[in-house]
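Below is one structure, written out as structure tokens, with a few remarks after it.
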Amino acid sequence: MNALLIAPCGMNCALCIGHIREKNRCEGCNGNEQSKPQYCQTCTIVLCEKRKGTESGFCYDCSSFPCTRMKNLDKRYRTRYGMSMFENLAFIREHGMDAFLKHEEARWACRECGATLSVHRKVCMHCGWERPFYAGS
């Protein structure tokens, strides 16, 4: 886990299928624009000028937090993937980045092989272990 892989919205890009896959690997929301899928290159949260002007660079410091885009994103990830951007941001704000990264390493490690799980997949991409908290389609 790496602090540079934590997006302004609280998404841990280390868990994203785009980052985990080997072919056409994305460097994450804070990474090189050319490695990102088109929908990530035009993300209104990453491009938000209000958020960019905050001290932390995270959405929780924005005067419009939580904006409609963040509410929709959080709802989608809670419902489909069992992860909350709001909870991630609250943890970072309350405990700091180092504690968040340690928490994420433990939370998203496969209980069978130890590989990092993808938030977007029901099973471990390395050993096939099925995670119990996945609600995705």
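Here is how the numbers come out for the structure above:
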quantity	calculated
Residue check for ARG131: under 15 Å from the mean Cα position of the chain (by Cα), at pLDDT below 95, closer than 17 Å to ILE20 by Cα and surrounded by 15 or more Cβ atoms within 10 Å (Cβ to Cβ)	no
Qualifying residue in segment 81-103 (condition: of a type in the set (Ser, Thr, Tyr), loosely packed, with under 15 Cβ neighbours inside 10 Å and either in a helix (DSSP H, G or I) or more than 13 Å from the chain's Cα centre (by Cα) (or both))	no
Residue within segment 69-76 that is surrounded by 12 or more Cβ atoms within 10 Å (Cβ to Cβ), more than 14 Å from the chain's Cα centre (by Cα) and at pLDDT below 95 present	yes
LEU47, sole failed condition from (1) among the hydrophobic types (A, V, I, L, M, F, W, C); (2) in a loop (DSSP other than H, G, I, E, B); (3) closer than 21 Å to MET1 by Cβ	(3)
Subset tally (residues that are touching a residue at least 24 places away in the same chain (Cβ under 8 Å) and of a type in the set (Phe, Trp, Tyr)) for segment 113-134	2
Some residue of segment 69-76 being among the hydrophobic types (A, V, I, L, M, F, W, C), out of contact with any Gly (no Cβ under 8 Å at 6 or more places or on another chain) and under 27 Å from VAL123 (Cα atoms)	yes
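The values are calculated or read from the model by the stated rules, or taken from the named source; none is laboratory data. Note that the coordinates shown come from a computational prediction; the quantities given were computed from them, not determined experimentally. Quick reminder, even Gly has a Cβ in these numbers, built from the backbone with ideal geometry, and neighbours come from all protein chains shown.
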